[in-house]
Structures are given as structure tokens and as C-alpha cells.
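**Student:** Let me give you the structure first, and then I'll get to my questions.
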Amino acid sequence: MDWFRTLNPIAQAAVAGLFTWGVTALGAASAFVTRTVKQTLLTSMLGFAAGVMIAASVWSLLIPAIELAEAQGVIPWLPAAVGIAAGGIFLGIADRLIPHLHPGMPLEAQEGPDTHLHRSTLLVLAITLHNIPEGLAVGVAFGGASTLVGSGAGSFGAAIALAVGIGLQNFPEGIAVAMPLRGSGVARGRAFWYGQLSGIVEPVAAVVGAATVLMVEPILPYALAFAAGAMLYVVVEELIPESQQEGYTDLATVSALGGFIVMMILDVALG
């Protein structure tokens, strides 16, 4: 871990983004060993992912944003409120401008502009929309670790916790793309390729997030809240509905609570 700590924040963000992409690829690699996954397992993983993202938004992003705004002499709640709204608006606009198909939905349920893109491409685009705010969150966290008041082991540890938490919830995202394709007869290698492809945007977004806050330090609390707002949009608009669409509502809810607890423990213990 010492070698990682000695890297500059942009390099740290890149490595962390590659890690989160790698976990997505690991989930997609399930296409090599099976054609299907039990719905109860997928439901529990989606619920877990929702819980992780909610907790990460609060502990790793919004609380630091509020504390940093206060240290900067800004109204503490203002950057958080503006950032959350901006992140949600950004994802809402992207939802309408980019054609995509949520996992488990029929082709007729495609969202965004009408298009003749293949189902696999639409699935990748849907998960990619998730991964942009996740990558930004990781990058902003590592970029901010060198500028946060009282930075050092605490803020660096919080960034590590965020990367680990997002990596954990990326596993079912890789499965969510690869398994439907594998079940429809797509070859193992091709299903894996599309599954991991959805996560490749994360290291890119992480580098962009870290570089931005390092160049324009005063926007850090807004950037933290922006990432939180975008992640919360994904949870409410997609992860929670998807986790409950097959009727396993209690399982999805309990799994979400479990994900929240795991992410909270990670952040408090490491941060």
C-alpha cells in the first residue's frame, strides 16, 4: 500500500479506476462458467449495490463536501444542495440523450432516442451511464485527499474505502450485462467483452475527476456533491426498481441494508 500512497492523486485515481473496472470484468467473467444466474442472487446483488451507493454518497461524498464548505467559509449546505441537483440533472439529461436498455428489460423498453443499435450495445450504454458518476466519485475522492482539511491518512483512507465499495457493487453490474447476452446464445467471449466494456469508462472518469479538483480546488465540495447526486439518481431511477421488479422485495430491501452497512463500516474504519 505504501507504493500506492506515494503516487500523485491523478495516478491514484487511475489505479483505483482500473480496480473498479477490473471487478466489473470479474463479474462479466461469469459468462465463461454459466449461462444463467438465479434471479434471487441477482436481486440480492442489485439491492446490495444500491445500499453501497447510498452509503458512499453520504459518508464518502456529502459529509466531506459539507465539512469542506464550512472550512472554506461557505454556507455548509449550499455546495451539497447545488451539487446534488446538478448531478441528478446531468444524469437525467444523459438518460434522455443516450439510447440505452436496462438489464432484464425487453427491447421495447429502450430509453432515450429511437435507435437501431443492437441489444448488447444498449445494455452496455445503460451500465456505462452508471459508471460515469462512480468513476468521477473515485477521482474526486483521491483528488480531494490532498486538499481536504486535515487530509492525510483519514481522507486517503476514505478514498480507498470508496474505491473498494464501488468495486464491490460493480461485480453484479458485469453480471447484469453478460448473463442476459449469454442466456440468449451469445458466445462466452463476446458476452464477457460486452460485460467488461461497460466499466472501462471508470478509470477515464476517475482521472478527469481528480484532475479537475486539483486544477480548481474551490469546486471540490461541489464536485463531491455532484458525484453523490449522480449516484443517488442511478440508485433511485434504476437499481432499486430493477432489484424489485421480479417480486423479491424483501430480499432486495434486506440486501440494500446490508450494502449500506458494509459501505458505512468501510468508510468509518478506513476513513
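**Student:** Could you work out how far the C-alpha centroid of region 228-271 sits from that of region 1-23, in angstrom?
**Tutor:** Each part's Cα centre sits 25 Å from the other's.
**Student:** Tell me the Kirkwood radius of region 206-269: reciprocal of the mean inverse pair distance over distinct alpha-carbon atoms, in Å. Don't skip to the end; give the middle numbers.
**Tutor:** On the way: mean 1/r = 0.0713 Å⁻¹.
14.0 Å is the Kirkwood radius here.
**Student:** Additional query: Assuming 1.567 mPa s and 4 °C, estimate D for region 173-237 with Stokes-Einstein, Rh taken as the Kirkwood radius over Cα pairs, in µm²/s.
**Tutor:** For these conditions, the coefficient is 92 µm²/s.
**Student:** Out of all Cα-Cα pairs in region 139-256, roughly what percent, to the nearest whole number, are more than 18 Å apart?
**Tutor:** Looking at region 139-256, the distances longer than 18 Å represent 63 percent of pairs.
**Student:** Could I ask something else about it? With the radius of gyration and the Kirkwood radius both derived from the Cα set of region 82-187, what is their ratio Rg to Rh? Don't skip to the end; give the middle numbers.
**Tutor:** Working: Rg = 17.1 Å, Rh = 15.8 Å.
Taking Rh as the inverse mean 1/r over Cα pairs, Rg/Rh reads 1.09.
**Student:** To continue, here is another question. Rank these residues by their accessible area, most exposed first, probe 1.4 Å: Arg96, Arg188.
**Tutor:** Arg96, Arg188
**Student:** Quick one: net charge of Ala137's neighbours, Cβ under 15 Å, K/R +1, D/E -1? Please list the in-between numbers first.
**Tutor:** Details: positive: none; negative: Glu134, Glu173, Glu202, Asp267.
Net local charge, Ala137 excluded: -4.
**Student:** Quick one: order Tyr194, Tyr233 from most to least accessible surface, probe 1.4 Å.
**Tutor:** Ranked from most to least accessible, the order is Tyr233, Tyr194.
**Student:** Here are labelled values, (i) 20.0; (ii) 20.9; (iii) 18.3, and one is the computed Kirkwood radius over Cα pairs in Å for what I pasted. Which one?
**Tutor:** Label of the calculated value: (iii).
**Student:** Can you tally the net charge around Arg188? Count Lys and Arg as +1, Asp and Glu as -1, for every other residue whose Cβ sits under 11 Å from the Cβ of Arg188. Please report the intermediate quantities before stating the final value.
**Tutor:** Details: positive: Arg35, Arg182, Arg190; negative: none.
Once positives and negatives cancel, what remains is +3.
**Student:** Report D for region 56-133 in µm² per second (integer): Stokes-Einstein, Kirkwood Rh on Cα pairs, 10 °C, 1.306 mPa s.
**Tutor:** Once the numbers are plugged in, D ends up at 110 µm²/s.
**Student:** While we're looking at this one, here's another question. If ligands, DNA and RNA are left out, what is the accessible area of Glu67 with a 1.4 Å probe, given in Å² to the nearest 10?
**Tutor:** Near enough 110 Å² of accessible area.
**Student:** Quick one: among Thr34, Thr253, Thr43, which has the greatest mean-square fluctuation in a GNM of the chain with alpha-carbon springs under 10 angstrom?
**Tutor:** Maximum fluctuation in the GNM of the chain, among the listed residues, is at Thr34.
**Student:** Okay, moving on. As a check on your grasp of the helix formula, calculate [θ] at 222 nm for the chain: sum -39500 (n - 2.57) over DSSP H runs of n ≥ 4, divide by the residue count, round to the nearest 500.
**Tutor:** Estimated from H runs of four or more residues: -24000 deg cm²/dmol.
**Student:** Enter the accessible area of Leu224 (Å², nearest 10), with the probe set to 1.4 Å and all protein chains included.
**Tutor:** Approximately 10 Å² for this residue.
**Student:** How would Met105, Met231 line up by accessible area, probe 1.4 Å, largest first?
**Tutor:** Reading off the accessible areas and sorting them downward yields Met105, Met231.
**Student:** Next question, about the same structure. Find how many whole Å separate the alpha carbon centroid of region 37-65 from the alpha carbon centroid of region 195-210.
**Tutor:** 18
The values are calculated or read from the model by the stated rules, or taken from the named source; none is laboratory data. No experiment lies behind these values; they were computed from the predicted model shown. FYI the Cβ positions are ideal-geometry reconstructions off the backbone, even for glycines, and counts take in every protein chain you see. Accessible surface is based on the protein model in full, side chains and every heavy atom, while ligands, DNA and RNA are left aside. Shrake-Rupley method; radii C 1.70, N 1.55, O 1.52, S 1.80 Å.
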